[in-house]
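Asker: Right, I'll just put the structure down here and ask away after.
Just so it is clear, none of the values below were taken in a lab; they were calculated from the coordinates. Keep in mind it's a predicted model, so treat the numbers as computed, not measured. A quick note on method: Cβ atoms are made from the backbone with ideal geometry, for glycine too, and the neighbour counts reach across all protein chains shown.
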Amino acid sequence: MDGQATSRLVFSHFDDSHIPGLFEMENDPEVMRYINNCPPVPWKGYTEKIHAWFDQLAKNDPRLTYWAAHERLTGEFVGWFHLRPNARYDNHVELGYRLRRNFWGRGYATEGSRALLDRAFNELELRYVMAQTLEGNLASRRVMEKAGMQFECSFVYPPELLPFWDEAQRRAVRYAKRANPVASCGEGEPPGEPFARHGGSAGASPSQSRKHLSPFHRHQRQPLPPPNDLAVLFPNPHQGADGG
Ligand SMILES: CC(C)(COP(=O)(O)OP(=O)(O)OC[C@H]1O[C@@H](n2cnc3c(N)ncnc32)[C@H](O)[C@@H]1OP(=O)(O)O)[C@@H](O)C(=O)NCCC(=O)NCCS
């Protein structure tokens, strides 16, 4: 993925040049609103913390990790994207993103997500990629929709993950894209070869307007499909430390 790009974004691994941008994002209440409500992160010790994260990332299989995204035109650090094993559902891969506020509203999250989904299905031959966000994070949900993912279910993050948040604040949604979409709700993906080749692609995203975003689809619960066997595909899938 390193160096691989979309028309406007270039992806790379992280290095020290990203630390100020990472720090800025973690201290921006708007960026962190739906992640941890932005308790201030002190600069003291931040470099060490990020170096520990870099060390952790270095242990990842390079195909399932986090990437720094840069604007092709200016070279500026835009934020990050990840394809990583999901923390709750081992063996399922999760898409995530976090962008610096200056770069919001330009379609970058959608563009990067489409590229990663395309890679997940067409190069890594995954069958299923999920993305999760708090229910109220409508911008993130819209990105998922525009990237061709579909609503799967609502759930509540456990209190230990988001201490001090009440249940309503911990309500979240899962979207996903499947290599072979199921025809109707309630049917799992048929059993088959775990990494059977498929003819799908990331596909075009629906061009829906904001009013078509459906925040409540409580009755459309999609079961998780049989997992990709990440231990086979990616011998050392390492859990990322940070959510989108
Ligand atoms: C979520 C985030 C990645 C979106 O990045 P982005 O580059 O601005 O996204 P895009 O421009 O590709 O698409 C955003 C879409 O959401 C829509 N949107 C933005 N704010 C919205 C809101 N409050 N309500 C509904 N839709 C909204 C935009 O209009 C756009 O849709 P459109 O193209 O149909 O108009 C960015 O806001 C971010 O980094 N947020 C903080 C971190 C975060 O929440 N990450 C996700 C955690 S799961």
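Asker: With Cβ to Cβ distances under 10 Å as the rule, what net charge do the other residues near E135 carry (K, R +1; D, E -1)?
Answerer: +3
Asker: By the gyration tensor of its Cα atoms, with a ≥ b ≥ c the square roots of the eigenvalues, what is the shape of the range 1-48: rounded for a/c under 1.5, prolate for a/b over b/c, or oblate?
Answerer: oblate
Asker: With a cap of 16 neighbouring Cβ atoms within 10 Å, and only residues DSSP puts in a loop, list the chymotrypsin sites (Phe, Trp or Tyr not before Pro) found in the range 29-136.
Answerer: For chymotrypsin sites (Phe, Trp or Tyr not before Pro) across the range 29-136 that sit outside H, G, I, E and B with at most 16 neighbouring Cβ atoms in 10 Å, the list reads W43, Y89, W104.
Asker: Quick check on the exposure proxy: order S140, S113 from fewest to most C-beta atoms within 10 angstrom.
Answerer: S140, S113
Asker: Sort K49, K59, K146, K177 so the one with the fewest other Cβ atoms within 10 Å of its own Cβ comes first.
Answerer: Ranked by crowding around the Cβ, least crowded first: K59, K49, K146, K177.
Asker: Set the Förster radius R0 to 22 Å, insert the Cβ-Cβ distance between N36 and E76 as r into 1/(1 + (r/R0)^6), and round the FRET efficiency to 0.05.
Answerer: In this case the efficiency is close to 0.35.
Asker: Per 0.36 nm of contour for each residue apart, how much would the distance between Y89 and Y46 grow if the chain were fully extended, relative to their Cα-Cα spacing?
Answerer: Difference between extended and current length: 12.5 nm.
Asker: Arrange S17, S12 by Cβ neighbour counts within 10 Å, fewest through most, would you?
Answerer: S17, S12
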